[in-house]
Structures are given as C-alpha cells and as structure tokens.
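First comes the structure, then the notes that go with it.
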Amino acid sequence: MKKKEGMKCVCGETAMPTKTNIEGFTVRAWRCKKCGEEYIDSGDAEFVLLYKKMQKHPVNAKIGVLGNSYIIRIPKEIAEIMHLKKGKKAQLKLKDPNSITVSVT
C-alpha cells in the first residue's frame, strides 16, 4: 500500500491529503491535524473559480448546419470545464419553448 504524501504546514507539522467542499464542489486538499489549517489544490480551486465566473456571464454560441442537422458550437472554456471530448454522449431536453437543458455523460 502506497503511503499518502503530505505537505508541510505553517505550524511545522505535516498536513495530510483529504477532500473538502468549496461552493458545492468536492476538491482535493491537505489538512493539518495539529492546527487545522487547510490547503486547497490550486488546480481544483482554479476550476471552481472559472466555473463560478462562467455561471455569472452568459457565453454566446453560434448555431450552424451540418448536413440535415443543426449544431451548436460550444466555446472552449465551457468544453474544458465540462471535460468534453469527441465521442461523449449528450442528452438534450426541452425546458421551455426557448430553453434547452444539455446533460453530458
């Protein structure tokens, strides 16, 4: 069994890996048992900040045509947040006459 790697805390002890919650997201972190100081993984924190920014500011997407189907181009920022890759499946649901909910699996 691999030993979990800790990180040095400001109190001098070793903070051990854990998970914590930020704005409804479970993120990687380290917590010191001695002083309770918590350190959030910078990549996970950046993801949460970008997600919250994208929620506040709507992004425009273009509608196009491909063969007999309509397509919506998803901006790169949203694709990165949702970890979209070619071949992933999406489910569309009409919310009301002017809204579509998209779920990606």
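Bear in mind that the values in this text are calculations on the coordinates, not laboratory data. Note that the structure is a prediction, hence the values are computed from the model and not measured. Here the Cβ is made from the backbone with ideal geometry for all residues, glycine too, and neighbour counts use every protein chain on show.
The residue of segment 16-33 that is farthest from Ala79 (Cα to Cα), among those that are in contact (Cβ under 8 Å) with a residue 24 or more places away in the chain and out of contact with any Lys or Arg (no Cβ under 9 Å at 6 or more places or on another chain), is Trp30. Can you pull out every residue in segment 69-100 that is over 21 Å from the mean Cα position of the chain (by Cα) and farther than 21 Å from Tyr51 by Cα? Listed by number, the residues that qualify are Ser69, Tyr70, Ile71, Lys93, Leu94, Lys95, Asp96, Pro97, Asn98.
Within segment 34-50, restricting attention to residues that are in contact (Cβ under 8 Å) with a residue 24 or more places away in the chain and surrounded by 13 or more Cβ atoms within 10 Å (Cβ to Cβ), the residue that is farthest from Val10 (Cα to Cα) is Leu50.
Highlighted here are the strands (runs of 3 or more DSSP E) found entirely within segment 1-46 that include at least 3 residues which are among the polar types (S, T, N, Q) and closer than 30 Å to Met82 by Cβ: 14-22. Residue by residue through segment 96-105, note down the ones that are over 18 Å from Ala61 (Cα atoms) and not in a loop (DSSP other than H, G, I, E, B). Passing the criteria: only Asp96. Which condition number in (1) assigned to a helix (DSSP H, G or I); (2) loosely packed, with under 10 Cβ neighbours inside 10 Å is the one that Lys53 fails? Checking Lys53 against (1) assigned to a helix (DSSP H, G or I); (2) loosely packed, with under 10 Cβ neighbours inside 10 Å, the one that fails is (2). For segment 15-33, a residue qualifies if it is exposed (fewer than 15 other Cβ atoms within 10 Å of the Cβ) and hydroxyl-bearing (Ser, Thr, Tyr), and the qualifying residues are Thr18, Thr26. In segment 75-101, the residues that are at positive phi and among the charged types (D, E, K, R) form no Cβ pair under 8 Å with any partner that is loosely packed, with under 10 Cβ neighbours inside 10 Å and not in a strand (DSSP E or B), whether six or more places apart or across chains.
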